[in-house]
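Undergrad: Dropping the structure in here first, questions after.
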Amino acid sequence: MTDLERLVHDLIARVDALERQNDTIGKQNAALVAEISTLREPGNATVATRKVAPPESLNRRQVLQRGLHVAAASVAAGVVFQQTTPDAAASHSTDLINAGAVVAHYIEGVAEDDHSGVLGRTGSTGAENAGVVGINTATLGQGSGVLGIGETGVRGTGTTVGVYGRGGYGLYGNSTSLSSPAVFGTHYPVNGPPVAGPGVVGFGYGSSAEDAGVIGQNITGGVGVRGEGKTGVHGIASGGTSQGVLGEGGSGYGGQFKETRAQLRLTPTGRIGKPTTGTHQIGEVYLDKLGAIYICMSTGTPGTWRKVNTTAA
């Protein structure tokens, strides 16, 4: 039996009880009227007369309406003619609360089976009009607007963006495990086979080193960015005089390479001889199709080049 069915059953029982009480009061009223008529007979003229108001006539419709009003107030208070209400079943689809706003110190949503504990829904496309909004008015950095606890604390699923963060740090990750990363990005479905795509993508705006798409920093003097794979780090330049990979060593080395096969490999071009077109800068190293090495000695178009003479090993 649902809560609504129990409520209606209780109201009907109350109506029946009130009707029986109404019949009893009616009989008592009739007896009082007869007694007053007797007192008003000749010889009893000195007896003070009094008006007896007939009891209020309650029909089933009026009683039911009054009961529904009481039930509505009880539901709003969280009580339906009892101290506690039973837990809602997962199959319930009826709105228990339908209001423009609900203000409470504490609201708990308990789900059964595979349902959600709390569901927030909106039809707006505005970034500030989310299905669920969490606000913490404490001093910045001393509280969370939304806190997720579980094997996955917060999970976002979207056709374009799963989780969108905006602020001083759009996304901040903090790991309490020595073996787990603070931020971990993968590119494959949770319950499906891997698909091609990047794990983490960062977009930056500006031309300085501080405006990079991704910045890795190690404050203890270790490695700032580490790449692992068939190609550990792959840098692609946007064209012009840009660099695929730029290393600045400060007081150290701009780049250091270590490997047992060879420390460095230059991919030869498709033609023989030094560059003859384009603008080049001093310090460029060029390897032609036959493996000859050329060094730019003067910036220009095409610049001044010198061939490195080698001897057989």
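Just so you know, all these numbers are worked out from the coordinates, no wet-lab data involved. Small disclaimer: the values here were computed from a predicted structure and weren't measured. All Cβ positions, glycine included, derive from the backbone under ideal geometry; neighbour counts span all protein chains shown.
Undergrad: Run down the lysines and flag those whose C-alpha is under 16 Å from the C-alpha of K289, throwing out any fewer than 8 positions away in its chain.
TA: Reachable lysines: K274, K307.
Undergrad: Between beta-carbons, use under 14 Å as the cut-off and find the net charge around A292, counting Lys and Arg +1, Asp and Glu -1. List each step's numbers first, then the result.
TA: Numbers: positive: R271, K274, K289, R306, K307; negative: D288.
Here the count lands on +4.
Undergrad: So, one more: Excluding same-chain residues fewer than 8 positions from K258, which lysines have a Cα within less than 23 Å of its Cα?
TA: Qualifying lysines at Cα under 23 Å: K230.
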